[in-house]
Amino acid sequence: MMINLLAFPGLGTIFARQKMGFAQASIMLVGFFGFTGYLCWFIFHQTKLLFDMGTSSEEFNTVRFDHWWVGAVGLGLCLIAWCWSLFTSVSLVKCTPETSPPPSSVPPKIP
């Protein structure tokens, strides 16, 4: 349960045959690609501005925080999917009936 929850929220719910797992996985993917896309964009532009000697400090700061909301929304979606998956996993574990060992067909031996 923990590996599915930490690695890819929604996968464990899909394995448990719950359709809401597809929504959890979709939200996680959108958030992941939004956040990593922002990080790639940010690193690319910071590196580009760092090696451009004609860049002013105003332009450097403007580009730094230009699309911060994309990363924030992506990270927020990842957190929502993770929390939703956590609550779903806990509720699935609580709803699972405890199974007792099957009764033995062989009677116990009396000494």
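Numbers at a glance
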{"read-out": "Acute angle (nearest 10 degrees) that the helix 20-51 long axis makes with the longest principal axis of the chain, alpha-carbon atoms", "value": "30"}
{"read-out": "From the C-alpha gyration tensor of region 47-111, square roots of 5λ in Å", "value": "64, 15, 6"}
{"read-out": "Contact order normalised by residue count of the chain, Cα under 8 Å, 6+ apart, percent", "value": "34"}
{"read-out": "Spread of Cα-to-Cα distances over 10 Å intervals beginning at zero, given as percent, for the chain", "value": "13, 28, 18, 15, 12, 6, 4, 2, 1, 0"}
{"read-out": "Crossing angle, helix 68-95 versus the chain [Cα axis fit, 0-90 degrees, rounded to tens]", "value": "0"}
{"read-out": "Projected label distance in nm at MET53 and VAL30, using a 7 Å step from Cα toward the beta-carbon", "value": "4.7"}
{"read-out": "Pair PHE65, VAL93: separation of 7 Å Cα→Cβ label points (nm)", "value": "4.1"}
{"read-out": "Exposed-loop-free span, longest in the chain, where trypsin sites (Lys or Arg not before Pro) count as exposed if DSSP calls them loop and at most 12 other C-beta atoms lie within 10 Å", "value": "20-108"}
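Coordinate-derived values only; no laboratory data. Keep in mind the model is a prediction, meaning the values are calculated, not measured. Cβ coordinates were reconstructed from backbone atoms using ideal geometry, including for glycine residues, and neighbour counts include every protein chain displayed.
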